[in-house]
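S.K.: Before I ask anything, here is the structure I am working with.
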Amino acid sequence: MSTLVTGATGMVGRRVLTELTRRGLPATGASRSSQTRLDWTDTSNWDDVLKGVSSIFVVTPVGSALGNRVAGFLEKAADAGVGRAVVMSAMGTEHAPSDSDQRAAELRAKDLFHTWTVLRPNWLFQDFTEGTFASLARSRNGRLELPVKRRTEVSFVDARDVADTAVAALLGGHGGREYTLTGPQALTFREVVKRTKGTESPVWRFKTVDEAGFYFRATNRGWGERYIDTLNERFAAAVSGRAAEVTEGVRAALNRDPIPLARFMRESVL
Ligand SMILES: NC(=O)c1ccc[n+]([C@@H]2O[C@H](COP(=O)([O-])OP(=O)(O)OC[C@H]3O[C@@H](n4cnc5c(N)ncnc54)[C@H](OP(=O)(O)O)[C@@H]3O)[C@@H](O)[C@H]2O)c1
(Lines give C-alpha, C1' and ligand atoms only; values in the text may rest on other atoms or scores of the structure.)
Protein backbone atom coordinates (compact mmCIF):
# COMPACT_ATOMS: atom_id res chain seq x y z
CA MET A 1 0.00 0.00 0.00
CA SER A 2 1.32 3.43 -0.80
CA THR A 3 0.90 7.17 -0.31
CA LEU A 4 -0.49 9.42 -3.02
CA VAL A 5 0.95 12.94 -2.91
CA THR A 6 -1.22 15.43 -4.81
CA GLY A 7 0.20 18.82 -5.76
CA ALA A 8 3.45 16.89 -6.19
CA THR A 9 5.17 19.56 -8.29
CA GLY A 10 4.31 22.31 -5.80
CA MET A 11 6.43 23.82 -3.07
CA VAL A 12 5.22 21.51 -0.29
CA GLY A 13 4.07 18.45 -2.26
CA ARG A 14 7.45 18.08 -3.94
CA ARG A 15 9.19 18.05 -0.58
CA VAL A 16 6.71 15.57 0.89
CA LEU A 17 7.30 13.19 -2.02
CA THR A 18 11.08 13.58 -1.80
CA GLU A 19 11.09 12.81 1.92
CA LEU A 20 8.84 9.74 1.65
CA THR A 21 11.01 8.42 -1.18
CA ARG A 22 14.23 9.15 0.76
CA ARG A 23 12.86 7.02 3.59
CA GLY A 24 12.26 4.18 1.15
CA LEU A 25 8.47 4.39 1.55
CA PRO A 26 6.18 3.65 -1.40
CA ALA A 27 4.80 6.94 -2.67
CA THR A 28 3.47 8.38 -5.91
CA GLY A 29 3.42 12.04 -6.85
CA ALA A 30 0.44 13.26 -8.85
CA SER A 31 -0.54 16.50 -10.57
CA ARG A 32 -1.24 17.67 -14.12
CA SER A 33 2.45 17.67 -15.00
CA SER A 34 3.58 14.71 -12.86
CA GLN A 35 4.35 11.32 -14.34
CA THR A 36 1.16 10.09 -12.68
CA ARG A 37 -1.29 12.54 -14.16
CA LEU A 38 -3.99 13.86 -11.85
CA ASP A 39 -6.16 16.75 -12.97
CA TRP A 40 -8.87 17.89 -10.57
CA THR A 41 -11.01 18.79 -13.59
CA ASP A 42 -10.76 15.36 -15.26
CA THR A 43 -12.20 12.35 -13.42
CA SER A 44 -11.40 9.83 -16.19
CA ASN A 45 -8.33 8.21 -14.54
CA TRP A 46 -9.11 8.72 -10.85
CA ASP A 47 -9.86 5.01 -10.24
CA ASP A 48 -6.44 4.09 -11.66
CA VAL A 49 -4.66 6.81 -9.70
CA LEU A 50 -6.21 5.49 -6.45
CA LYS A 51 -5.30 1.82 -6.95
CA GLY A 52 -3.22 0.48 -4.05
CA VAL A 53 -3.30 3.81 -2.19
CA SER A 54 -3.72 3.73 1.59
CA SER A 55 -3.01 7.37 2.46
CA ILE A 56 -3.18 10.69 0.63
CA PHE A 57 -1.71 14.16 0.93
CA VAL A 58 -4.24 16.62 -0.45
CA VAL A 59 -3.47 20.05 -1.90
CA THR A 60 -6.38 22.14 -3.19
CA PRO A 61 -5.18 24.79 -5.67
CA VAL A 62 -5.96 28.37 -4.66
CA GLY A 63 -8.68 30.42 -6.30
CA SER A 64 -9.59 28.01 -9.08
CA ALA A 65 -13.09 26.94 -8.01
CA LEU A 66 -11.89 23.36 -7.68
CA GLY A 67 -13.28 22.70 -4.19
CA ASN A 68 -16.09 20.48 -5.43
CA ARG A 69 -13.71 18.54 -7.66
CA VAL A 70 -11.32 17.89 -4.81
CA ALA A 71 -14.23 16.89 -2.56
CA GLY A 72 -15.36 14.46 -5.28
CA PHE A 73 -11.87 12.97 -5.38
CA LEU A 74 -11.88 12.56 -1.61
CA GLU A 75 -15.17 10.66 -1.85
CA LYS A 76 -13.70 8.34 -4.47
CA ALA A 77 -10.60 7.87 -2.35
CA ALA A 78 -12.62 6.88 0.72
CA ASP A 79 -14.69 4.45 -1.41
CA ALA A 80 -11.46 2.98 -2.77
CA GLY A 81 -10.31 2.15 0.77
CA VAL A 82 -7.94 5.04 1.52
CA GLY A 83 -7.87 5.24 5.30
CA ARG A 84 -5.74 8.30 6.01
CA ALA A 85 -5.87 11.83 4.59
CA VAL A 86 -3.58 14.75 5.35
CA VAL A 87 -5.14 17.93 4.02
CA MET A 88 -3.17 21.14 3.55
CA SER A 89 -5.17 24.37 3.48
CA ALA A 90 -3.93 27.71 4.82
CA MET A 91 -3.73 29.68 8.06
CA GLY A 92 -7.21 30.92 8.99
CA THR A 93 -9.14 28.44 6.82
CA GLU A 94 -11.12 27.33 9.88
CA HIS A 95 -12.87 30.74 9.70
CA ALA A 96 -13.70 30.48 5.97
CA PRO A 97 -17.25 29.70 4.78
CA SER A 98 -17.94 25.96 4.71
CA ASP A 99 -18.42 26.01 0.93
CA SER A 100 -15.11 27.75 0.19
CA ASP A 101 -12.66 25.52 -1.70
CA GLN A 102 -10.18 24.82 1.06
CA ARG A 103 -12.61 24.68 3.98
CA ALA A 104 -14.80 22.28 2.00
CA ALA A 105 -11.81 19.95 1.50
CA GLU A 106 -11.01 20.07 5.23
CA LEU A 107 -14.60 19.29 6.23
CA ARG A 108 -15.01 16.54 3.65
CA ALA A 109 -11.82 14.82 4.78
CA LYS A 110 -12.97 14.90 8.42
CA ASP A 111 -16.24 13.26 7.40
CA LEU A 112 -14.83 10.63 5.11
CA PHE A 113 -11.60 9.24 6.51
CA HIS A 114 -10.89 7.11 9.51
CA THR A 115 -7.74 9.13 10.16
CA TRP A 116 -7.34 12.75 9.08
CA THR A 117 -4.97 15.60 9.83
CA VAL A 118 -5.35 19.23 8.75
CA LEU A 119 -2.33 21.47 8.14
CA ARG A 120 -2.82 25.24 7.88
CA PRO A 121 0.47 26.91 7.00
CA ASN A 122 1.07 30.63 6.87
CA TRP A 123 2.76 32.16 3.79
CA LEU A 124 5.91 30.24 2.89
CA PHE A 125 9.48 31.60 2.76
CA GLN A 126 9.70 29.73 -0.53
CA ASP A 127 7.15 32.14 -2.05
CA PHE A 128 10.13 34.52 -2.38
CA THR A 129 12.28 32.01 -4.25
CA GLU A 130 9.90 29.64 -6.06
CA GLY A 131 6.31 30.80 -5.67
CA THR A 132 3.98 33.72 -6.24
CA PHE A 133 6.30 36.48 -5.03
CA ALA A 134 9.19 35.22 -7.16
CA SER A 135 6.94 35.13 -10.18
CA LEU A 136 5.65 38.66 -9.57
CA ALA A 137 9.12 40.09 -9.00
CA ARG A 138 10.59 38.47 -12.10
CA SER A 139 8.20 40.49 -14.22
CA ARG A 140 9.14 43.76 -12.42
CA ASN A 141 12.92 43.57 -12.57
CA GLY A 142 13.23 42.11 -9.07
CA ARG A 143 10.72 44.42 -7.41
CA LEU A 144 8.00 42.75 -5.39
CA GLU A 145 4.92 44.98 -5.29
CA LEU A 146 2.19 43.89 -2.89
CA PRO A 147 -0.99 45.42 -1.42
CA VAL A 148 0.24 45.42 2.17
CA LYS A 149 1.52 48.12 4.53
CA ARG A 150 5.16 48.76 5.34
CA ARG A 151 4.52 47.48 8.84
CA THR A 152 2.45 44.43 7.89
CA GLU A 153 3.96 41.39 9.57
CA VAL A 154 3.70 37.72 8.60
CA SER A 155 5.05 34.74 10.52
CA PHE A 156 6.40 33.10 7.33
CA VAL A 157 7.03 29.37 7.58
CA ASP A 158 9.54 27.20 5.73
CA ALA A 159 7.98 24.71 3.28
CA ARG A 160 10.30 22.08 4.76
CA ASP A 161 8.58 22.41 8.14
CA VAL A 162 5.20 22.00 6.46
CA ALA A 163 6.43 18.98 4.47
CA ASP A 164 8.01 17.38 7.56
CA THR A 165 4.71 17.80 9.41
CA ALA A 166 2.82 16.25 6.49
CA VAL A 167 5.20 13.29 6.42
CA ALA A 168 4.88 12.79 10.18
CA ALA A 169 1.09 12.85 9.83
CA LEU A 170 1.15 10.44 6.88
CA LEU A 171 3.21 8.03 8.95
CA GLY A 172 0.77 8.12 11.86
CA GLY A 173 0.27 9.57 15.31
CA HIS A 174 -1.35 12.88 14.31
CA GLY A 175 -4.87 11.67 13.55
CA GLY A 176 -7.65 14.13 14.44
CA ARG A 177 -5.15 16.98 14.83
CA GLU A 178 -5.27 20.42 13.19
CA TYR A 179 -1.99 22.35 13.05
CA THR A 180 -1.58 26.02 12.20
CA LEU A 181 2.04 26.18 11.06
CA THR A 182 4.11 29.35 11.31
CA GLY A 183 7.75 30.28 11.49
CA PRO A 184 9.38 31.40 14.75
CA GLN A 185 8.86 35.16 14.31
CA ALA A 186 6.67 37.71 12.56
CA LEU A 187 8.54 39.65 9.86
CA THR A 188 7.64 42.48 7.50
CA PHE A 189 8.00 41.85 3.77
CA ARG A 190 10.73 44.48 3.70
CA GLU A 191 12.69 42.64 6.39
CA VAL A 192 12.67 39.45 4.32
CA VAL A 193 13.52 41.26 1.08
CA LYS A 194 16.39 43.15 2.77
CA ARG A 195 18.04 39.78 3.41
CA THR A 196 17.77 38.75 -0.23
CA LYS A 197 19.73 41.77 -1.53
CA GLY A 198 23.02 40.74 -3.14
CA THR A 199 21.84 37.14 -3.58
CA GLU A 200 20.45 35.58 -6.72
CA SER A 201 16.94 35.79 -5.36
CA PRO A 202 14.31 36.80 -7.92
CA VAL A 203 13.05 39.28 -5.30
CA TRP A 204 15.48 41.99 -4.20
CA ARG A 205 13.35 45.14 -3.90
CA PHE A 206 10.00 45.79 -2.30
CA LYS A 207 7.23 48.34 -2.76
CA THR A 208 3.73 48.60 -1.33
CA VAL A 209 0.89 49.17 -3.81
CA ASP A 210 -2.87 49.46 -3.42
CA GLU A 211 -5.27 46.65 -4.32
CA ALA A 212 -6.00 48.12 -7.74
CA GLY A 213 -2.29 48.37 -8.51
CA PHE A 214 -1.80 44.77 -7.47
CA TYR A 215 -4.78 43.69 -9.55
CA PHE A 216 -3.25 45.39 -12.61
CA ARG A 217 0.13 43.69 -12.12
CA ALA A 218 -1.45 40.29 -11.43
CA THR A 219 -3.71 40.40 -14.51
CA ASN A 220 -0.62 41.30 -16.53
CA ARG A 221 0.87 38.02 -15.33
CA GLY A 222 -2.19 36.31 -16.84
CA TRP A 223 -3.62 35.27 -13.46
CA GLY A 224 -7.35 34.62 -13.22
CA GLU A 225 -9.70 36.93 -11.36
CA ARG A 226 -10.64 34.37 -8.72
CA TYR A 227 -6.99 33.62 -7.95
CA ILE A 228 -6.21 37.34 -7.62
CA ASP A 229 -9.25 37.83 -5.37
CA THR A 230 -8.06 35.02 -3.11
CA LEU A 231 -4.60 36.55 -2.90
CA ASN A 232 -6.12 39.96 -2.14
CA GLU A 233 -8.18 38.41 0.67
CA ARG A 234 -5.02 36.89 2.13
CA PHE A 235 -3.14 40.20 1.88
CA ALA A 236 -6.07 41.97 3.55
CA ALA A 237 -5.91 39.41 6.37
CA ALA A 238 -2.19 40.11 6.74
CA VAL A 239 -2.76 43.89 6.80
CA SER A 240 -5.29 43.45 9.60
CA GLY A 241 -2.67 41.56 11.60
CA ARG A 242 -4.13 38.08 11.19
CA ALA A 243 -1.01 36.57 9.61
CA ALA A 244 1.40 37.77 12.29
CA GLU A 245 0.57 35.27 14.99
CA VAL A 246 3.40 32.89 15.88
CA THR A 247 2.00 29.48 16.75
CA GLU A 248 3.37 26.39 18.44
CA GLY A 249 2.22 24.21 15.50
CA VAL A 250 5.62 23.09 14.23
CA ARG A 251 6.89 22.43 17.74
CA ALA A 252 3.75 20.51 18.68
CA ALA A 253 3.91 18.34 15.56
CA LEU A 254 7.66 17.81 15.23
CA ASN A 255 9.01 18.42 18.69
CA ARG A 256 11.57 20.90 17.34
CA ASP A 257 11.75 24.61 16.58
CA PRO A 258 10.55 25.95 13.23
CA ILE A 259 13.20 26.98 10.71
CA PRO A 260 14.06 30.71 11.04
CA LEU A 261 14.64 33.15 8.16
CA ALA A 262 18.43 33.08 8.64
CA ARG A 263 18.54 29.32 8.08
CA PHE A 264 16.17 29.52 5.12
CA MET A 265 18.46 32.12 3.53
CA ARG A 266 21.59 30.07 4.24
CA GLU A 267 20.15 26.84 2.90
CA SER A 268 17.93 27.96 0.06
CA VAL A 269 19.30 27.65 -3.44
CA LEU A 270 20.36 31.32 -3.58
N1 LIG B 1 2.24 29.46 -1.11
C2 LIG B 1 1.96 29.72 0.14
O3 LIG B 1 2.55 30.59 0.77
C4 LIG B 1 0.93 28.92 0.85
C5 LIG B 1 0.72 29.18 2.20
C6 LIG B 1 -0.27 28.49 2.88
C7 LIG B 1 -1.02 27.54 2.22
N8 LIG B 1 -0.78 27.31 0.91
C9 LIG B 1 -1.63 26.31 0.27
O10 LIG B 1 -0.87 25.46 -0.54
C11 LIG B 1 -1.65 25.05 -1.65
C12 LIG B 1 -0.89 25.27 -2.92
O13 LIG B 1 -0.62 26.62 -3.03
P14 LIG B 1 0.46 27.26 -3.99
O15 LIG B 1 -0.27 28.03 -5.04
O16 LIG B 1 1.45 27.96 -3.19
O17 LIG B 1 1.04 25.93 -4.57
P18 LIG B 1 2.10 25.39 -5.52
O19 LIG B 1 3.32 25.18 -4.76
O20 LIG B 1 2.13 26.21 -6.77
O21 LIG B 1 1.40 23.98 -5.84
C22 LIG B 1 0.19 23.82 -6.50
C23 LIG B 1 0.12 22.37 -6.95
O24 LIG B 1 -1.19 22.10 -7.41
C25 LIG B 1 -1.10 21.43 -8.66
N26 LIG B 1 -2.29 21.76 -9.44
C27 LIG B 1 -2.68 22.99 -9.87
N28 LIG B 1 -3.83 22.89 -10.57
C29 LIG B 1 -4.16 21.57 -10.59
C30 LIG B 1 -5.22 20.82 -11.17
N31 LIG B 1 -6.18 21.40 -11.91
N32 LIG B 1 -5.25 19.48 -10.98
C33 LIG B 1 -4.30 18.86 -10.26
N34 LIG B 1 -3.25 19.51 -9.68
C35 LIG B 1 -3.18 20.85 -9.86
C36 LIG B 1 0.18 21.95 -9.29
O37 LIG B 1 0.76 21.01 -10.17
P38 LIG B 1 0.55 20.96 -11.77
O39 LIG B 1 0.69 22.37 -12.26
O40 LIG B 1 1.60 20.02 -12.23
O41 LIG B 1 -0.82 20.41 -11.95
C42 LIG B 1 1.08 22.05 -8.06
O43 LIG B 1 1.71 20.82 -7.82
C44 LIG B 1 -2.95 25.82 -1.58
O45 LIG B 1 -3.89 24.99 -0.99
C46 LIG B 1 -2.59 26.98 -0.66
O47 LIG B 1 -3.71 27.46 0.06
C48 LIG B 1 0.16 27.97 0.20
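S.K.: Suppose R0 equals 35 Å. What FRET efficiency, 1/(1 + (r/R0)^6) with r the Cβ-Cβ distance, do Glu191 and Thr9 give to the nearest 0.05?
M.R.: About 0.75, to the nearest 0.05.
S.K.: Tell me the carbon and sulfur percent of the accessible area for the chain, rounded to whole percent, probe radius 1.4 Å. Don't skip to the answer; put the middle values down first.
M.R.: Numbers: 5550 of 12340 Å².
Of the solvent-accessible surface of the chain, carbon and sulfur hold 45 percent.
S.K.: Using 1/(1 + (r/R0)^6) with R0 = 41 angstrom and r between the beta carbons of Arg256 and Ala212, what's the FRET efficiency to the nearest 0.05?
M.R.: Calculated transfer efficiency: 0.45.
S.K.: Right, here's the next one. If DNA, RNA and ligands are ignored and the probe is 1.4 Å, what is the ranking of Asp164, Asp257 by accessible area, most exposed first? Intermediate results must be reported in sequence, preceding the final value.
M.R.: Numbers: Asp164 55, Asp257 95 Å².
Descending order: Asp257, Asp164.
S.K.: Could you sort Met11, Met1 by accessible area so the largest value comes first, with the probe set to 1.4 Å?
M.R.: On the way: Met11 45, Met1 155 Å².
From most accessible down to least: Met1, Met11.
S.K.: State, to one decimal in nm, how far the label point of Glu225 lies from the label point of Val62, with both points 7 Å from Cα in the Cβ direction.
M.R.: 2.0
S.K.: Given only helices, namely DSSP H runs of n ≥ 4 each adding -39500 (n - 2.57), what is the per-residue ellipticity at 222 nm of the chain, to the nearest 500 deg cm²/dmol?
M.R.: Mean residue ellipticity at 222 nm (helix-derived): -11000 deg cm²/dmol.
S.K.: Separate question: In square angstrom, what is the accessible area per residue of the stretch 133-219 with a 1.4 angstrom probe? Don't jump to the answer; show the numbers that get you there.
M.R.: Values: 3820 Å² over 87 residues.
Heavy-atom accessible area per residue stands at 44 Å².
S.K.: Please give the peptides 21-28, 107-114 ranked by average Cβ packing (other Cβ atoms within 10 Å per residue), highest first, as a rough proxy for protection.
M.R.: Per-residue mean Cβ counts within 10 Å order the peptides as 107-114, 21-28.
S.K.: Taking the Cα of Leu107, stepping 7 Å toward and past its beta carbon, and measuring to each backbone N in the stretch 152-180: which are under 18 Å?
M.R.: 178
S.K.: Restricting to Cα atoms and excluding each atom paired with itself, what does the Kirkwood estimate give for the stretch 2-267 in Å?
M.R.: Computed over Cα pairs of the stretch 2-267, the Kirkwood hydrodynamic radius comes out at 18.8 Å.
S.K.: Calculate how many DSSP beta bridges within the stretch 2-267 are antiparallel, expressed in % of all such bridges and rounded to the nearest 5.
M.R.: 10
S.K.: Here's another thing I want to ask about it. Run the 1.4 Å probe and let me know the accessible area of Lys76, rounded to the nearest 10 Å².
M.R.: 80
S.K.: What Kirkwood radius, in Å to one decimal, follows from the Cα pairs of the stretch 47-104?
M.R.: 12.1
The values are calculated or read from the model by the stated rules, or taken from the named source; none is laboratory data. Every value quoted in this text rests on a predicted model; they were computed, and no experiment measured them. Ideal geometry is used to build each Cβ from the backbone, glycine not excepted, and the neighbour counts take in all protein chains shown. Please note that ligands, DNA and RNA were not included when accessible areas were found on the heavy atoms of the full protein model with its side chains. Shrake-Rupley method; radii C 1.70, N 1.55, O 1.52, S 1.80 Å.
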